[in-house]
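Have a look at this one.
The values are calculated or read from the model by the stated rules, or taken from the named source; none is laboratory data. Remember, it's a predicted structure, so these values are computed and weren't measured experimentally. Virtual Cβ from ideal backbone geometry, glycine too; neighbours counted across all protein chains shown.
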Amino acid sequence: MTPRKDRRRRAREAALQILYHREIGARDVDAAIETFFTHQWPDREPPPEQVRAFAASLARETVERLPAIDPLIAATADRWRPERMAAIDRIILRMAICEMMREDAPPSAVVINEALELARTFSGEESVKFVNGMLDAVRIRLGR
């Protein structure tokens with residue numbers, strides 16, 4: 001894996017954990033970012049600035065876009081509102097959809113693959129299938 005991709009993956013993992021902390025703790029996203037990087041960063045060394053900046057940007061933008069993202073998830077999921085989904089799966093979907101909505105979005109295949117890696121790492125195989133199906137359907141809805 002190239003260092004750039006490794007940094008991006010680490011940043012996505014950090015963004016996921018920040019958004020989970022925000023959701024479970026009902027905290028402001030900026031407070032969740034600060035708490036994660038100050039108290040929960042798993043490495044001895046502080047994160048590289050590129051990792052911190054991308055993670056913070058993705059977390060903030062995901063929260064900002066929730067009014068557009070959650071209805072898209074609800075319309076795509078057959079009779080499942082986002083709040084009924086497992087928290088980790090919901091956050092992975094939100095982050096990936098946020099990335100797909102960006103003007104400078106990476107290819108959808110890259111976004112979906114990264115989301116599947118997050119699901120493998122933080123959830124389980126059933127979640128991987130669920131996330132894959134949902135994101136492919138969202139990709140089609142978004143015309144990507």
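Which one is farthest from Arg144 (Cα to Cα) among residues in region 78-134 that are in a helix (DSSP H, G or I) and among the small types (Gly, Ala, Ser)?
Ala87
Given the condition under 16 Å from Met95 (Cβ atoms) and among the charged types (D, E, K, R), answer yes or no: does some residue in region 21-34 qualify?
The answer is yes; a qualifying residue exists.
One line per residue, one yes/no per condition, for (1) under 17 Å from Tyr20 (Cβ atoms); (2) at pLDDT below 95:
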residue: Ile33; (1), (2): yes, yes
residue: Thr38; (1), (2): yes, yes
residue: Met95; (1), (2): yes, no
residue: Pro107; (1), (2): no, yes
residue: Val110; (1), (2): no, yes
residue: Leu135; (1), (2): no, no
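Filter region 98-135 down to the residues that are of a type in the set (A, V, I, L, M) and closer than 21 Å to Asp6 by Cα and list them by number.
Listed by number, the residues that qualify are Met100, Ala105, Ala109, Val110, Val111, Ile112, Ala115, Leu116, Leu118, Ala119, Val128.
Might you check whether a residue that is touching a residue at least 60 places away in the same chain (Cβ under 8 Å), closer than 26 Å to Phe130 by Cα and surrounded by fewer than 19 Cβ atoms within 10 Å (Cβ to Cβ) occurs anywhere in region 58-73?
Scanning region 58-73, I find no residue that is touching a residue at least 60 places away in the same chain (Cβ under 8 Å), closer than 26 Å to Phe130 by Cα and surrounded by fewer than 19 Cβ atoms within 10 Å (Cβ to Cβ), so the answer is no.
Filter region 75-104 down to the residues that are exposed (fewer than 13 other Cβ atoms within 10 Å of the Cβ) and farther than 19 Å from Ala59 by Cα and list them by number.
Once the filter is applied, which keeps residues that are exposed (fewer than 13 other Cβ atoms within 10 Å of the Cβ) and farther than 19 Å from Ala59 by Cα, region 75-104 yields Ala75, Asp78, Arg79, Arg81, Arg84.
Now for a different question. Of all residues in region 105-115 being surrounded by 18 or more Cβ atoms within 10 Å (Cβ to Cβ) and not β-branched (Val, Ile, Thr), which is farthest from Ala77 (Cα to Cα)?
Ranking the qualifying residues of region 105-115, first place goes to Glu114.
Also, quick follow-up: Look at region 38-47 and say how many of its residues are more than 19 Å from Ile88 (Cα to Cα) and surrounded by 14 or more Cβ atoms within 10 Å (Cβ to Cβ).
Residues flagged as more than 19 Å from Ile88 (Cα to Cα) and surrounded by 14 or more Cβ atoms within 10 Å (Cβ to Cβ) within region 38-47 amount to 1.
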